Every structure is written in structure tokens, then in C-alpha cells.
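**Student:** One structure, as C-alpha cells, below. Some questions next.
The values are calculated or read from the model by the stated rules, or taken from the named source; none is laboratory data. Everything numeric here is computed off the predicted structure, so don't read it as measured data. Cβ placement follows ideal geometry from the backbone for every residue including glycine, while neighbour counts extend to all protein chains displayed. The protein model used for the area step is the full one, side chains on, heavy atoms only, and it has no ligands, DNA or RNA in it. Shrake-Rupley method; radii C 1.70, N 1.55, O 1.52, S 1.80 Å.
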Amino acid sequence: MTAGVATGSLRSAFVALVRRDLLLAFRRRTELLFPVIFLLVVVSLFPLGIGPSMELLARISPGVIWIAALLSTVISLDGLFRSDFEDGTLEQFVISGHPLTLIALAKILTHWLVAGLPIVLLSPLLAVWMNLPDGTMGVMVITLVLGTPILSLIGAIGVGLTISLKRGGQLLSLLVFPLYVPILIIATAAVMAAADSLPYTQFLGLLVAGLITSLTLAPFAAAAALKISLS
Amino acid sequence: MTEKTPNKTKLRKNPVVLFIHKLGSPAYFYHFTGKFIPWFWAIFLVLTAIGMYQAFFVVPSDYQQGESFRILYLHVPAAWMSLLAYIIMAVCAFIALIWRIRVVEILAMCSAPVGAAFTVVTLVAGSLWGRPTWGTYWVWDARLTSELVLLFLYLGVIGLYNAIDEPRKAARAACLLALVGAVNLPIIHYSVKWWNTLHQGSSISLMGGSSIDSSMLWPLLVMSIAVKFYYGANLLTRSRVKLLEQDLRKGWVRNIVREGK
């Protein structure tokens, strides 16, 4: 595939792509709701599985909410490049002349807006369900704000690699969950430290570092993965 | 153009560069490594025999752990190898992605199953060792946990490689994943370490913080070298088979079949 001459500026291409994807997502509103409902169902399974003891729920709540967020993200990730890959739009993006990294970043941003942001917005409800310790709600929301974009960024690499497979979704979870381990650990550590009234800003700092690192590296890796899948 | 040509020919004459270029050729690689593999097996067997004899009959039993500590001579070399195999895979993946050398792609992909096997050996030996010393087969110790995540990383690479039908595309995709994993591996390792100290009041240290006596140490070193040779032999054998599979219809494979060498 040879790249053509790009028309329009980088910024206009970026904005146009985000607008288009958001529009597409909101035209298929029910599909948009699946990962959100999935999140609610997964969290509600925990009290059913381990009993309604409020103390126990409070102890495990940061972990449960974060694991549910991880699962919900992986569920929604499959749609990140799927329809564009199947109808050939992705190949058109590649030959458009705009850097594929930028296109990947636009897709990732859209993914976070439609899949990551709802998790952040729903987290207060989940916190009430799971009896999250008092005074840690704010930290929980901050970790999700900082952490869920990392999930989308790293996930995009996995999606890029598995996009050409018929049933890539099953493999995708195997590829990305090990990479999610540090985020899960640091984010839950922050909430747990806050619950024990210990300092937790260092964990938030680590999450910011993770966000910056993945923001600068992951789009390139995702673009490279897409190029391999399209070759 | 005319300025570049002498430079290039000069580079070609450099014996090291020439040798590396030659190794990139599947036929040359096949014949060259074929000479080494028997030696690797032989060195592995001799060193293992020495190391195992020392480990089982010569080294005194540990004053705290008794006889069970002898599993160390399998567990620790396997653990070192499991990590080194990932590093070798990542380095090969890096080279393969940049220069697109098929032999190196194959080396990277053949390193994954061997490394994964060593990770399994480490985990199994570790949990068998844990039973008499810790009283349980599994604790969420930092090392055990990062070894488990390492296994998942290996399985991801192997899974992706096997899922894509076209071999070169599969290798490139899996190589990229191996590199992403290599960037993440130190982060995973340290985060698991922090997690362990944060969530568990006290963590069980494998070595108890005490250094190992030199009479116990040298069989360990012998075993770890033996394991390296096993890895080398296994990796090269796998790579040669893979090359034969991929090049079934090529001339050099036909020559091997026809001439029996």
C-alpha cells in the first residue's frame, strides 16, 4: 500500500475522525450500553457470590470495581477497529497520507469517551453497591479517570494485533490482561491506602506517569500492529 | 551512488558482517547450526550429570529446610532461564521487526515455547518446594506472581503466533507483542513487588535474606550453565524444523532430502 498525499491539516483530520466515530457510536446506542450493563452485572455478581457482609464488601470493593472496569474495557475493545477493518475504511485511512499513529490516537480517544468515561461516571453507584470505605470515593474516581485511558491505550495494541482474526476477542483478553497488571495493582493500592488514611498521592503520581508513558508510546505500537494486520 | 558503493563493498569484506549476512540465509543457518546442536546436547548432559550428582549426593542438607532445598538446583536455573529466554525472544523480535530477517523471526518465535516451558517448570518446582517449607503449594509471593504473569505473557505470544495463518505475518505480530511485553515486564515486576509488600504484612523471602554457602553455590552455577545449553539446543532444533516446514518447496530443502544431508 502506498500512502497518498494527505488533504487537510492533521488537526482537522483528527477532529473529523473523532466526530465521525462519536456519531457512529451514538447511532448505535444499544451497543454502546452493552459494556456498561456488563460492568453493572459483573459488580453485582460479587455480593451474590461471596455474601452480603458489608465489611467484607468494603474490603474488596476497590479490587472488584477495578476488575469489573478491566473486563468491561476488554469487552468494548473489540469494536475499536472492527467495523472499519471489515468495510475497508481502515485501509483507506492508511492510504490517506495521514499518520496512522494519529488515526489510532483518535480511535483510542473515542473509545475512552464511549467506554471509559461511562465507567468513571458509574463508579459512584458501584462504590455505594460495594460499600466502598468512606472518604475514598474521590480517590476511586481519580484512579479511574487516570487509569481507564491507559486501558484503552494498551488495549488498542492488542486489538490492532488481533483485528484480522475471526475470533480475536478471546485471544485479546489473554494478550492485554497481563499488561494491565501494573495498573490494577497501583490503582487499587491508591484506594486501599486512602481507606487506611495513608498517603496515596505517590500512587496517583505513578498512574499519571503510566498515562503519559502509554500516551506517548501506545499509539505508535497500535499503528505498527494495524500495519502488520493489514499487510 | 558511486560514493556509496566502495563503502558497501568494504562492509561486505568485513568477515563478521559477512558471517552475519550469511547466517540470515536459511540454508546456511540450517547447516551451520546443525554442527553445534550435538555439542550443545553433549555439554548439557555432562554438566547436568555433574551438577545433579553434586546436588543430590555431595552438597550437605540445609540445616533449616533439610533435603527439600535440593529442588533449588532445578528451580533457580529454570527461573533464570525463563527470564533470559524472554529477553532473547525480545531482542530477536526487535531485530526481526526492523530488518525483517526471517531466521531471526523464527528464532524469536521458537524461544517462546521453550521459555514458557521453563516458566512452568519454575512454577511447578517452586510450589512443590513451597509445600514442605511454607506449608502450602502456593503463596502470592512477589516472585511467584511475576513468574505467573510472565507465563501469561509467553502464552499470549504463542497464542497470537498460532492464531494467524500466514507465518510471516503471525511472526511479525507476535514479535511486536513480545516487544510490548518486554517494555511492560520491568513495570510488572516492580509493581508486583510493591503490591506484595503493600497487601501482605510480611512476605516470605525465598532465600531468607541469607546468602548461600559456596559449597552449595557451585553446583547451582553448573546447573544454570547446563540449562543454557539445553535451551540453545532446543531453540536451534526447533528453529531448524520450522525452517524446513516453511521452506518445504525451496531448493535447499530439496537438496537436503535428495542428498540426505
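**Student:** In degrees between 0 and 90, to the nearest 10, how far off the longest principal axis of chain A does helix A:137-162 point, with axes built from Cα atoms?
**Tutor:** 40
**Student:** Next up: List, by residue number, every residue in the range A:161-186 with a reduction of 10 Å² or greater in accessible area between the chain on its own and the complete protein assembly, 1.4 Å probe.
**Tutor:** A:161, A:164, A:165, A:171, A:174, A:175, A:178, A:179, A:181, A:182, A:185, A:186
**Student:** Per DSSP H run of at least 4 residues, take -39500 (n - 2.57); add these up for chain A, divide by its residues and hand me the 222 nm value, nearest 500 deg cm²/dmol. List each step's numbers first, then the result.
**Tutor:** Details: 10 runs with 185 residues, N = 231.
Helices in chain A give a 222 nm mean residue ellipticity of -27000 deg cm²/dmol.
**Student:** Okay, next question. According to the square roots a ≥ b ≥ c of the eigenvalues of the Cα gyration tensor, what is the shape class of the range B:24-94, taking rounded for a/c under 1.5, prolate for a/b larger than b/c otherwise, and oblate for the remainder?
**Tutor:** On the way: a/c = 7.09, a/b = 1.91, b/c = 3.71.
Verdict is oblate for the range B:24-94.
**Student:** Can I ask one more? Calculate how large, on average over all directions, the projected area of the Cα convex hull of chain B is; give the answer in nm² to one decimal. It would help to have the intermediate numbers written out before the result.
**Tutor:** On the way: hull surface 74.0 nm².
Orientation-averaged projected area of the Cα hull: 18.5 nm².
**Student:** Here is a follow-up. Check residue A:165: other-chain or 5+ apart residues with amide H under 5 Å from its amide H, H built from backbone geometry?
**Tutor:** So residue A:165 has HN proximity to no qualifying residue.
**Student:** A further question follows. With a 1.4 Å probe and every protein chain kept in, tell me what percent of the accessible surface of the range A:2-230 is carbon plus sulfur.
**Tutor:** Numbers: 7100 of 10270 Å².
Roughly 69 percent of what the probe reaches on the range A:2-230 is carbon or sulfur.
**Student:** State which entries of A:107/A:227; A:227/B:242; B:35/B:228; B:22/B:250; A:227/B:169; A:166/A:227 exceed 19 angstrom in Cα-Cα distance in the structure shown.
**Tutor:** On the way: A:107/A:227 15 Å; A:227/B:242 25 Å; B:35/B:228 17 Å; B:22/B:250 17 Å; A:227/B:169 10 Å; A:166/A:227 17 Å.
Beyond 19 Å: A:227/B:242.
**Student:** Oh, and also: Compute a Gaussian network model of chain A, connecting alpha carbons closer than 10 Å, and tell me which residue from A:97, A:155, A:168 fluctuates the most.
**Tutor:** Of A:97, A:155, A:168, the Gaussian network model singles out A:97 as fluctuating most.
**Student:** Counting partner chain Cβ atoms within 10 Å of every residue's Cβ in A:204-216, what's the average? Mind showing how you got there, number by number?
**Tutor:** Details: counts 0, 0, 4, 0, 0, 1, 2, 0, 0, 2, 2, 0, 0.
The shielding value for this peptide is 1.
**Student:** Output the relative contact order of chain A, whole-number percent, from Cα pairs under 8 angstrom with separation of 6+ residues.
**Tutor:** The normalised contact order for chain A reaches 26 percent.
**Student:** To test your reading of the geometry: what angle, between 0 and 90 degrees and rounded to tens, separates the Cα axis of helix A:117-129 from the longest principal axis of chain A?
**Tutor:** 20
**Student:** Same structure, new question: Roughly how many debye, to the nearest 20, is the charge dipole of the range A:2-230 about its Cα centre, given +1 on each Lys and Arg Cβ, -1 on each Asp and Glu Cβ, and no other charges?
**Tutor:** On the way: 12 positive and 10 negative charges, 95 e Å.
Roughly 460 debye for the range A:2-230.
**Student:** Moving on to the next point. Over chain A, with a Gaussian network built from C-alpha contacts below 10 Å, which listed residue (A:187, A:195, A:16) shows the highest mean-square fluctuation?
**Tutor:** For chain A, modelled as a Gaussian network with Cα springs under 10 Å, the answer is A:16.
**Student:** A follow-up question, please. Taking the Cα centre of the protein assembly as shown as the origin, how large is its charge dipole in debye, to the nearest 20, when only Lys and Arg (+1) and Asp and Glu (-1) carry charge on their Cβ atoms?
**Tutor:** Details: 37 positive and 22 negative charges, 454 e Å.
Using only the charged Cβ atoms, the result is roughly 2180 debye.
**Student:** Within a 10 angstrom radius of each residue's Cβ in B:172-181, how many Cβ atoms of other chains show up on average? Whole number is fine. Show your work: numbers first, answer last.
**Tutor:** Details: counts 7, 11, 3, 1, 10, 9, 0, 2, 13, 3.
Going residue by residue through B:172-181 and averaging, the value is 6.
**Student:** What is the protein assembly as shown by shape, rounded, prolate or oblate, if you read a ≥ b ≥ c off the alpha carbon gyration tensor as root eigenvalues and call it rounded for a/c under 1.5, prolate for a/b larger than b/c, and oblate otherwise? List each step's numbers first, then the result.
**Tutor:** Working: a/c = 2.33, a/b = 1.13, b/c = 2.07.
Oblate is the answer for the protein assembly as shown, as a/c is 1.5 or above yet b/c matches or exceeds a/b.
**Student:** A further question follows. Cα centroids of the range B:118-150 and the range A:122-139: how far apart, whole angstrom?
**Tutor:** 35
**Student:** Counting only the backbone N, which residues of the range B:157-176 are under 12 Å from the spot 7 Å out from the Cα of residue A:34 toward its beta-carbon?
**Tutor:** none
**Student:** Let me ask you something else. Suppose a student asked you for the relative contact order of chain B, using Cα pairs under 8 Å spaced at least 6 residues apart; what percent would you report? Intermediate values should be presented prior to the final figure.
**Tutor:** Numbers: 261 pairs, mean separation 77.1, N = 261.
For chain B, the relative contact order is 30 percent.
**Student:** Starting from the coordinates of the alpha-carbon atoms of the range B:1-156, obtain the Kirkwood hydrodynamic radius over all distinct pairs and give the value in Å to one decimal. Walk me through the numbers on the way to the answer.
**Tutor:** On the way: mean 1/r = 0.0529 Å⁻¹.
18.9 Å is the Kirkwood radius here.
**Student:** Pick out the long, greasy-scoring helices in chain B: whole DSSP H runs spanning 27 Å or more along their own axis by Cα, mean Kyte-Doolittle at least 0.0. Present the calculation step by step, with values, prior to reporting the outcome.
**Tutor:** Working: long enough: B:26-53 (40 Å, 1.01); B:72-99 (40 Å, 1.97); B:102-134 (47 Å, 1.06); B:142-163 (31 Å, 1.34); B:167-199 (43 Å, 0.47); B:214-246 (48 Å, 0.52).
Sorted by number, the helices that extend far enough and score high enough are B:26-53, B:72-99, B:102-134, B:142-163, B:167-199, B:214-246.
**Student:** Hey, another quick one. What is the set of long-range amide H partners of residue A:96 at a cut-off below 5 Å, with H atoms built 1.01 Å from backbone N?
**Tutor:** A:4
**Student:** To continue, here is another question. What shape does chain A take by its C-alpha gyration tensor, where a ≥ b ≥ c are the square roots of the eigenvalues and a/c under 1.5 counts as rounded, a/b above b/c as prolate, and the rest as oblate?
**Tutor:** Numbers: a/c = 2.27, a/b = 1.89, b/c = 1.20.
Here chain A falls in the prolate category.
**Student:** Check residue B:62: other-chain or 5+ apart residues with amide H under 5 Å from its amide H, H built from backbone geometry?
**Tutor:** Those qualifying (amide H under 5 Å, at least 5 residues apart or on another chain) are B:69.
**Student:** Which of the listed residues, B:122, B:61, B:155, is farthest toward the dipole's positive end in chain B, when Lys, Arg count +1 and Asp, Glu count -1 at the beta-carbon?
**Tutor:** Result: B:155.
**Student:** With springs only between Cα atoms under 10 Å apart, run a GNM on chain B and tell me which of B:157, B:183, B:76 wobbles the most.
**Tutor:** B:183
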